[in-house]
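Here is the structure we will look at.
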Amino acid sequence: MSRIVCQFSCGAASAVATKLALAKYGDRCVILNAFVKNEHPDNRRFLADCERWFGQPITVLRDEKYGADTIEVFRRHRFMVSFRGAKCSTLLKRELMDAWKQPGDVMVLGYTAEEQDRLDDFRERFPDRPILAPLIDAGLGKEDCKAMVERAGIGLPLMYRLGYDNANCIGCVKGGMGYFRAIREDFPAEFEELCRVQDEIGPGSWFMRHRSGPLKDQRFPLRELPAGPVRRNESVPACGFVCETAEALYAA
Ligand code: SF4
């Protein structure tokens, strides 16, 4: 019988998607997580709490080539992110998954009710790929998932409690200006580390763009991020194994 693979990303949606899959498929489920050094350490506390909630162990994959460290990926590849996707996500998550997966595996995607269009895109792109989207089947949105986790007596990851949209790395390269202003305020050391990498690599690593004015569409380094609205809750795509694969292909 094929395995049901739940990708647990230390986010509320993936936690509830996993719980629903376990309720339906029980022992056929395998729960996977990729450790990334640059996430907030509280993500590991959340993982341990969820493991107890699931009543089943979570298999944690950990990259060794880059020390599971996004900064090391950026340094060695002299690249951070583009419309095709983020190098860190590809190397620290997707490639581990590719090496681990078996033919016939059914992937559980943590798309929420608000993300029906992303699921439709995925199915259109990969009609032969077996997937389940239990949150959409149950009509559950992002806020429902957070509430369900809390009702289970589990504190949400600290990044959520600080007001961020998900529990991605501190200073996720998929973030925009409002998000990075928040990171600059809340996590100055991590922000500075990203600035230093960009200093080393140069303009090829700049991913921020001016939105308006005479410099509209020109890229600039994080170090020159202008003052402006701070948006902790700015929407930043969650970082998983499969969604990133699909989105990179959409953009290709
Ligand atoms: S959360 Fe963001 S920074 Fe971290 S691996 Fe994913 S894309 Fe990269």
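Observations
- Residue list for region 83-122, restricted to those being over 15 Å from residue 237 (Cα atoms) and part of a strand (DSSP E or B): 106, 107, 108
- Pairs with Cβ under 7 Å, 6+ apart, first in region 49-74 and touching a residue at least 12 places away in the same chain (Cβ under 8 Å) and in a helix (DSSP H, G or I), second surrounded by 13 or more Cβ atoms within 10 Å (Cβ to Cβ) and of a type in the set (Phe, Trp, Tyr): 50/8; 73/66
- Residue count for region 92-120, restricted to those that are acidic (Asp, Glu), more than 16 Å from the chain's Cα centre (by Cα) and open to solvent by 70 Å² or more (accessible area, probe 1.4 Å): 4.
- Qualifying residue in region 75-82 (condition: hydrophobic (A, V, I, L, M, F, W, C), in a helix (DSSP H, G or I) and under 17 Å from the mean Cα position of the chain (by Cα)): no
- Filter result for residue 9 (assigned to a loop (DSSP other than H, G, I, E, B), touching a Cys at 6+ places or on another chain (Cβ under 8 Å), surrounded by 22 or more Cβ atoms within 10 Å (Cβ to Cβ) and not aliphatic (A, V, I, L, M)): yes
- Members of region 18-36 that are closer than 25 Å to residue 136 by Cβ and within 16 Å of the ligand (Cβ to nearest atom): 32, 33, 34
- Residues being away from the ligand (no atom under 14 Å from the Cβ) and among the polar types (S, T, N, Q) - total across region 1-17: 1
- Subset of region 161-178 that is open to solvent by 10 Å² or more (accessible area, probe 1.4 Å) and away from the ligand (no atom under 14 Å from the Cβ) - its residue that is nearest to residue 85 (Cα to Cα): 177
- Contacts under 8 angstrom Cβ, first residue in region 204-225 being hydroxyl-bearing (Ser, Thr, Tyr), partner surrounded by 11 or more Cβ atoms within 10 Å (Cβ to Cβ), 6 or more apart: 205/74; 205/78; 205/79; 205/80; 205/197; 205/198; 205/221
- Hits in region 20-43 (condition: assigned to a helix (DSSP H, G or I) and either hydrophobic (A, V, I, L, M, F, W, C) or under 14 Å from residue 156 (Cβ atoms) (or both)): 20, 21, 22, 23, 42, 43
- Qualifying residue in region 84-101 (condition: farther than 21 Å from residue 8 by Cα and within 16 Å of the ligand (Cβ to nearest atom)): yes
- Qualifying residue in region 15-31 (condition: under 16 Å from the mean Cα position of the chain (by Cα) and of a type in the set (Ser, Thr, Tyr)): yes
- Summed over region 193-209, residues that are loosely packed, with under 15 Cβ neighbours inside 10 Å and on the phi < 0 side of the Ramachandran plot total 6.
- Which numbered condition residue 189 fails, given (1) within 16 Å of the ligand (Cβ to nearest atom); (2) modelled with pLDDT under 95; (3) open to solvent by 30 Å² or more (accessible area, probe 1.4 Å): (2)
- Listed by first and then second residue, the pairs with beta-carbon distance under 8 Å, at least 6 apart or on different chains, first residue in region 79-98 and under 19 Å from residue 197 (Cα atoms), second outside any helix (DSSP H, G or I) and of a type in the set (Phe, Trp, Tyr), are 80/207; 81/207; 82/207; 87/79; 91/66; 92/66.
- Looking across region 37-70, the residues that are within 22 Å of residue 165 (Cα to Cα), in contact with a helix residue (DSSP H, G or I) (Cβ under 7 Å, 6 or more places away or on another chain) and either of a type in the set (A, V, I, L, M) or within 14 Å of the ligand (Cβ to nearest atom) (or both) come down to 38, 40, 70.
The values are calculated or read from the model by the stated rules, or taken from the named source; none is laboratory data. No experiment lies behind these values; they were computed from the predicted model shown. No Cβ is skipped: glycine too gets one built from the backbone with ideal geometry, and neighbour counts run over all protein chains shown. These area figures cover heavy atoms from the full protein model, side chains too; ligands, DNA and RNA do not enter into them. Shrake-Rupley method; radii C 1.70, N 1.55, O 1.52, S 1.80 Å.
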